[in-house]
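Peer 1: One structure, pasted below without further comment.
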Amino acid sequence: MELRVLAVGDVVGVSGLKHLEKHLRGVKRLYGVDFCVVNGENASVVGLTPQQADAMLDAGADVITLGNHTWNRREICPYLDDSAYILRPANFQPSLPGRGWGVFETKAGPVAVANLIGRCSMDFSPDNPFRVVDKILKDVGDLPIFIDFHAEATSEKLAMGYYLDGNISALWGTHTHVPTADEQILPHGTGYQTDIGMTGPVVSVLGVKPEQSIALFRGELTSRYETAPGPCKLCGAVFTIDTKTRLCTKVERVTVL
Ligand SMILES: [Fe+2]
Ligand SMILES: [Fe+2]
């Protein structure tokens with residue numbers, strides 16, 4: 001049996017969320033998607049609220065993953081404990097709210113989804129993701145497993161891909177908001193893309209008004225980041241999994257304007 005899993009990149013701002021609500025079900029139909037994981041860490045530009053998480057689940061996400069902006073909207077904390085359908089990086093300190101991986105039902109039976117965060121050019125306080133993932137794999141056992149690795153460095157994401165190759169169904173990167181053109185099946189059968197991009201305004205710097213980003217890089221005083229105006233795009237990837245082997249047979253990059 002085949003399982004088709006859609007991963008959607010960081011949803012940015014009100015307009016990104018609206019674009020997701022408008023297009024996600026159509027994309028799922030078009031690609032015959034059975035299960036969908038959406039990164040939601042930027043629905044409030046930085047962070048997300050419980051209402052925004054609910055909206056993403058209503059729009060057709062089966063699971064929401066997060067990243068370095070998990071804690072920017074603190075009202076999400078109880079939601080992370082209460083909802084089984086949202087994950088925060090598993091290598092955050094275990095005492096923090098929420099969970100980093102879970103098991104979810106699909107037409108092909110249970111699958112595991114895990115969220116990890118990288119440390120290169122990012123916060124150094126999370127645990128080593130390469131060590132934490134060993135324990136997750138042990139706990140998950142022989143279920144198909146899908147991982148959103150939220151990280152800045154392409155090297156860290158590629159190294160994780162090769163580290164887990166053959167032992168997980170697929171791994172994709174999030175966080176940079178720029179999709180990479182390297183969707184592939186790694187030598188031992190794991191589906192992989194270094195970064196799947198974002199769901200947000202096309203004319204923007206990572207979803208934010210270009211002038212705000214330019215001011216930051218010019219060393220000027222900056223205002224609170226605002227989502228750029230204008231049309232959005234949805235970026236993601238569809239991983240087709242052979243449920244017998246739990247490995248990937250096809251990876252397709254997805255862009256919906
Ligand atoms: Fe992001
Ligand atoms: Fe991020």
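The values are calculated or read from the model by the stated rules, or taken from the named source; none is laboratory data. These numbers were taken from a predicted model, which means no experiment stands behind them. So basically every Cβ, Gly included, is an ideal-geometry build from the backbone, and we count neighbours across all protein chains shown. Remember, those area values only see protein heavy atoms, side chains included, never the ligands or the DNA or RNA. Shrake-Rupley method; radii C 1.70, N 1.55, O 1.52, S 1.80 Å.
Peer 1: For the stretch 111-217, run through the chymotrypsin sites (Phe, Trp or Tyr not before Pro) and keep only the ones in DSSP coil with at most 14 other Cβ atoms within 10 Å of their Cβ.
Peer 2: Of the chymotrypsin sites (Phe, Trp or Tyr not before Pro), the ones in loops of the stretch 111-217 whose Cβ has at most 14 other Cβ atoms within 10 Å are Phe124.
Peer 1: Which one of Ile168, Thr249, Val27 is farthest out on the positive end of the charge dipole of the chain, using unit charges on Cβ (Lys, Arg +1; Asp, Glu -1) and the Cα centre as origin?
Peer 2: Val27
Peer 1: Given springs between every Cα pair under 10 Å in a Gaussian network model of the chain, which of Ala108, Ala53, Ala43 has the largest fluctuation?
Peer 2: The residue with the greatest mean-square fluctuation here is Ala108.
Peer 1: Pull up all non-local amide H partners of Thr65: gap of 5 or more, or a different chain, and H-to-H distance under 5 Å with H placed in the peptide plane.
Peer 2: Amide H to amide H, under 5 Å and 5 or more residues apart or across chains, Thr65 pairs with Val38, Asn39, Gly40, Leu87.
Peer 1: For the chain, which whole-number percentage of the solvent-accessible area (1.4 Å probe, protein heavy atoms only) is attributable to carbon and sulfur atoms?
Peer 2: 55 percent
Peer 1: Ok, one more. Would you list the P(r) distribution for the stretch 41-161, with all Cα-Cα distances sorted into 5 Å bins from 0 and each bin expressed as a whole %?
Peer 2: That works out to 2, 11, 22, 24, 20, 14, 6, 0, in percent per bin.
Peer 1: If you place +1 on the Cβ of every Lys and Arg and -1 on the Cβ of every Asp and Glu, how big does the dipole about the Cα centre of the stretch 107-176 come out, in debye to the nearest 20?
Peer 2: 120 debye
Peer 1: Also, I was wondering about something else. Where the only charges are on Cβ atoms (+1 Lys, Arg; -1 Asp, Glu), what is the dipole of the chain about its Cα centre, to the nearest 20 debye?
Peer 2: That gives the chain a dipole magnitude of about 300 debye.
Peer 1: Could you work out the Kirkwood radius for the chain, taking every pair of different alpha carbons, averaging 1/r and inverting it, reported in Å?
Peer 2: 17.9 Å
Peer 1: Would you mind giving the average projected area, over all directions, of the Cα convex hull of the stretch 167-248 in nm² with one decimal?
Peer 2: 6.9 nm²
Peer 1: Please give the per residue accessible area of the chain, computed with a probe of 1.4 Å over protein heavy atoms only, in Å².
Peer 2: With the other protein chains kept in place, the chain gives 43 Å² per residue.
Peer 1: List, in the order given, every pair from Lys18/Lys209; Lys28/Lys157; Lys107/Lys138; Lys28/Lys135 whose Cα-Cα distance in the structure shown is over 29 Å.
Peer 2: Lys28/Lys135
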